[in-house]
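Structure first, then comments.
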Amino acid sequence: MAQTEKIATRRAIALSVVVPCYNEIDGIAELYRRVTAACREQAGHSYEIILVVDGATDGTREAIFDLARQDSHVVGLDLARNYGHQIALSAGLEFCRGQRILILDADLQDPPELLEAMMAKMDEGFDVVYGQRLKRQGEGWFKRTTAAVFYRLLRKMVDVDMALDSGDFRLMSRRALDHLNAMPERYRFIRGMVSWIGLKQVAFPYERHQRFAGATHYPLRKMVLLAIDATTSFSTVPLRFASHLGMIFGFLGLAALGYT
């Protein structure tokens, strides 16, 4: 499924940053610069930046592997094709070795500089510090509205207590990640799975920035597909619907037999 440019010695380190990357060539250099600065400030040299290439076709792969050859803290994880954001993220989370793990998108809408404050919050005894969006810069009315509706409908449809306006941007302890990686779900919905594992979790309110470069890779179609995966994985609604539908057709069948 995947190959790496290099496999570091599998010893524990203080911090891992996991970033799924799909056609982000215009932002990779800036991503590397800012994430590296944040990691060095918080973890010295005990960190790794795992950049997962999710079937990119625009030179993102080559840029990431160049960084991996130049900097031993960078690991390029190359998926065989475009599996999608959640699978790419899962691959990086399974591979990482940090005692604390930051999940970050490559578009820099979630500022890496918030790592310091999130680390301080985790020091208070939390296993998960998840970002909760207060504002969304650079997004039009349609995007903001569909996102707001998406998160609220999703919360009502799934059987886990999911925070509103929260994506995958979060800091996790190794204990939380071990619980997450032990889950056997084939269709991965990371934010729902993290909510499901329990442990001590806390919201971290922040203002989401404008995308650094390029266009979003999460249009409405992908949001709908994500909602379907979430609903089928964490809700009994589809099962109840199928059961009720089966009963209706069963009664109709009996009625038809009686009529004939």
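The values are calculated or read from the model by the stated rules, or taken from the named source; none is laboratory data. Because the structure is predicted, anything quoted here is derived from the model rather than measured. As a convention, Cβ positions derive from the backbone with ideal geometry for all residues, glycine included, and neighbour counts pool all protein chains shown.
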| query | Of the residues that make up region 21-42, is at least one within 19 Å of Ile101 (Cβ to Cβ), assigned to a loop (DSSP other than H, G, I, E, B), out of contact with any Leu (no Cβ under 7 Å at 6 or more places or on another chain) and free of Cβ contacts under 8 Å to residues at least 40 places away in the same chain? | reply | no
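If you check Gly59, Gly27, which single one turns out to be surrounded by fewer than 23 Cβ atoms within 10 Å (Cβ to Cβ) and on the phi > 0 side of the Ramachandran plot? Give the derivation first.
Working: Gly27 fails: on the phi > 0 side of the Ramachandran plot.
Going through Gly59, Gly27 in turn, the sole match is Gly59.
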Checking Leu77, Leu51 in turn, the sole residue that is touching a Ser or Thr at 6+ places or on another chain (Cβ under 9 Å) and either assigned to a loop (DSSP other than H, G, I, E, B) or more than 18 Å from Phe169 (Cα to Cα) (or both) turns out to be Leu77
Those residues of region 191-214 which are at pLDDT 90 or above and of a type in the set (Phe, Trp, Tyr) amount to Phe204, Tyr206
Leu67 passes all but one of the listed conditions (1) part of a helix (DSSP H, G or I); (2) touching a residue at least 60 places away in the same chain (Cβ under 8 Å); the exception is number (2)
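With respect to Leu164, determine if the residue is assigned to a helix (DSSP H, G or I) and at pLDDT below 85. Spell out how you get there, then give the answer.
Values: assigned to a helix (DSSP H, G or I): no; at pLDDT below 85: yes.
Judged against the criteria, Leu164 is not a match.
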In region 75-82, is there at least one residue being buried (at least 20 other Cβ atoms within 10 Å of the Cβ), farther than 16 Å from Val194 by Cβ and in contact with a His (Cβ under 8 Å, 6 or more places away or on another chain)? no
Those residues of region 30-52 which are of a type in the set (A, V, I, L, M, F, W, C) and surrounded by 19 or more Cβ atoms within 10 Å (Cβ to Cβ) amount to Leu31, Val35, Ala38, Cys39, Ala43, Ile49, Ile50, Leu51, Val52
*Taking Ile49, is it farther than 25 Å from His179 by Cα, in contact with an Asp or Glu (Cβ under 9 Å, 6 or more places away or on another chain) and modelled with pLDDT of 95 or more?*
no
